[in-house]
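The values are calculated or read from the model by the stated rules, or taken from the named source; none is laboratory data. Computed from a predicted model, the values in this text were never measured in an experiment. When we count neighbours, we look across all protein chains shown, and the Cβ atoms used for this are built from the backbone with ideal geometry, even at glycine.
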Amino acid sequence: MKRILITGAGSCVGMCFEKWMAQWPEKYQIESLDMMKESWREFDFSGFDSVFHVAGIAHVTLDPSMEGLFYRVNRDLTIETATAAKQAGVKQFIFMSSGIVYGDSSDVGVPFMIDENTKPSPANFYGMSKLQAEEGLKKLEDSSFKVVIIRSPALYGLGMKSHYNNLSDFARNHHIFPRVKNTRSMLYNKNLAEFVRLMIENEESGTFWPQNKEYTSTAGIIKDVASFHGRKFFLVPFPMFAVKLGAKLVPALKKAFGNFAYDDKLSQYPQEYRIYSYEDSIKEIESSEEELFVEKKLM
């Protein structure tokens, strides 16, 4: 039996992973550690095979006054946790990084397909804090301590705060949306959970880019959600110059209509982790009675 520690108790990603792993109680023992209190430093990491580190800051404002906190939590805490785990004899450390290390979405109409040759280029201190955490972890890696870095695209799923929730809310409450083509990579939380399980099972190391099999678009998601609920919804042509101008003035529109995708070659793995199709994920989320976290309106 493998013992796995989730560092970041109460996180959306951690809770989804723990629930997913409950399917195999005879194979995996899961524990969680609260990283919010300094008492974590007294925790005994010995006896664990893997640490899945999900503690971090993402869904908060990028106010300049927060910069120091981002580095303390996303970078320093990550490296300190990995150091403690290594010293205790843990063999594998899995870090939830983010595609944010490559920067923000492209401008509207500008392709942005990330491949093996794309270099990280953080657009803000959130992305830089994640990238510097990755660099610190790589320095700790050796033959007895494996590091897995997961550069996830946009995550979504029940119980998660995500941009998908805002799109779903829009689809349930409106009837028209601009017909703007864009390409985005996304990752359903259960597909991520299975991917992490495979990382543990196969004792992997390295940097990985998991994503759903299908690319998505903002207009497509809204249309599909509306269709699931039997709502009449219309995608209407909209002058591209107006969309581009709006995106320059309103960051949320750049995120909605810009491009950000991984070349699928980066995301392939010898074992299938993409258990749920995009269509399956829509059905599961939209048929649930669970309330979605909606942080702000799209428009």
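Screening Lys283, Lys255, Lys265 for residues that are within 30 Å of Thr207 (Cα to Cα), outside any loop (DSSP other than H, G, I, E, B) and modelled with pLDDT of 95 or more leaves exactly one candidate, Lys265.
Here is a yes/no grid of residues against (1) modelled with pLDDT under 95; (2) buried (at least 18 other Cβ atoms within 10 Å of the Cβ); (3) over 23 Å from Asp263 (Cβ atoms):
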{"position": "Phe125", "(1), (2), (3)": "yes, yes, yes"}
{"position": "Leu140", "(1), (2), (3)": "no, no, yes"}
{"position": "Ser144", "(1), (2), (3)": "no, no, yes"}
{"position": "Ser152", "(1), (2), (3)": "no, yes, no"}
{"position": "Leu155", "(1), (2), (3)": "no, yes, no"}
{"position": "Ser162", "(1), (2), (3)": "yes, yes, no"}
{"position": "Pro178", "(1), (2), (3)": "yes, yes, yes"}
{"position": "Asn191", "(1), (2), (3)": "no, yes, no"}
{"position": "Met199", "(1), (2), (3)": "no, yes, no"}
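Does Val101 qualify as being of a type in the set (A, V, I, L, M, F, W, C) and modelled with pLDDT of 95 or more? The answer is yes for Val101.
Among Ser121, Ser105, which is the only one that is in a loop (DSSP other than H, G, I, E, B), crowded, with 21+ Cβ neighbours inside 10 Å and not aromatic (Phe, Trp, Tyr)?
Details: Ser121 fails: crowded, with 21+ Cβ neighbours inside 10 Å.
Checking each option against the conditions leaves just Ser105.
Counting only residues that are under 20 Å from the mean Cα position of the chain (by Cα) and farther than 18 Å from Asp34 by Cα, the range 49-91 holds 5 of them.
Let me confirm something: among Thr7, Thr61, which residue is over 21 Å from Leu192 (Cβ atoms) and of a type in the set (S, T, N, Q)?
On the way: Thr7 fails: over 21 Å from Leu192 (Cβ atoms).
Only one candidate qualifies: Thr61.
Scanning the range 38-79 for residues that are among the polar types (S, T, N, Q) and within 18 Å of Met96 (Cβ to Cβ) yields a count of 3.
Residue count for the range 127-138 satisfying the condition of being buried (at least 16 other Cβ atoms within 10 Å of the Cβ) and among the basic types (Lys, Arg): 1.
What about Asn182, is it more than 14 Å from the chain's Cα centre (by Cα) and surrounded by fewer than 17 Cβ atoms within 10 Å (Cβ to Cβ)? Lay out the reasoning, then the answer.
Details: more than 14 Å from the chain's Cα centre (by Cα): yes; surrounded by fewer than 17 Cβ atoms within 10 Å (Cβ to Cβ): no.
No: the conditions fail for Asn182.
Please specify each residue of the range 163-204 satisfying the condition of being over 23 Å from Lys265 (Cβ atoms), of a type in the set (Phe, Trp, Tyr) and not in a helix (DSSP H, G or I). Across the range 163-204, the qualifying residue is only Phe177.
Which of the following residues is under 19 Å from Tyr156 (Cα atoms), touching a helix residue (DSSP H, G or I) at 6+ places or on another chain (Cβ under 6 Å) and surrounded by fewer than 19 Cβ atoms within 10 Å (Cβ to Cβ): Glu291, Glu279, Glu286? Walk me through how you get there before you give the answer.
On the way: Glu291 fails: touching a helix residue (DSSP H, G or I) at 6+ places or on another chain (Cβ under 6 Å); Glu279 fails: touching a helix residue (DSSP H, G or I) at 6+ places or on another chain (Cβ under 6 Å).
When all the criteria are applied, what remains is Glu286.
Of all strands (runs of 3 or more DSSP E) completely enclosed by the range 1-64, which ones contain at least 3 residues that are free of Cβ contacts under 8 Å to residues at least 60 places away in the same chain and surrounded by fewer than 20 Cβ atoms within 10 Å (Cβ to Cβ)?
Working: elements: 2-7, 28-33, 50-53.
Here the list reads 28-33.
Quick check: anything in the range 78-88 farther than 19 Å from Met199 by Cα and part of a loop (DSSP other than H, G, I, E, B)? The answer is yes, given that some residue of the range 78-88 is farther than 19 Å from Met199 by Cα and part of a loop (DSSP other than H, G, I, E, B).
Residues in the range 230-250 that are surrounded by 13 or more Cβ atoms within 10 Å (Cβ to Cβ) and without any contact (Cβ under 8 Å) to a residue 40 or more places away in the chain were compared, and the one that is nearest to Ser168 (Cα to Cα) is Gly246.
Total residues in the range 32-48 satisfying the condition of being of a type outside the set (Gly, Ala, Ser) and within 21 Å of the chain's Cα centre (by Cα): the figure is 4.
Take the conditions part of a helix (DSSP H, G or I), surrounded by 14 or more Cβ atoms within 10 Å (Cβ to Cβ) and touching a Leu at 6+ places or on another chain (Cβ under 6 Å) and apply them to Ile221. Does it pass? The answer is yes for Ile221.
The single condition among (1) in a helix (DSSP H, G or I); (2) modelled with pLDDT of 95 or more; (3) farther than 20 Å from Met113 by Cβ that Gln271 does not meet is (1). (1) farther than 30 Å from Val90 by Cβ; (2) in a strand (DSSP E or B); (3) among the hydroxyl-bearing types (Ser, Thr, Tyr): which one isn't true of Thr207, the others all being true? With respect to (1) farther than 30 Å from Val90 by Cβ; (2) in a strand (DSSP E or B); (3) among the hydroxyl-bearing types (Ser, Thr, Tyr), Thr207 is out only on (1).
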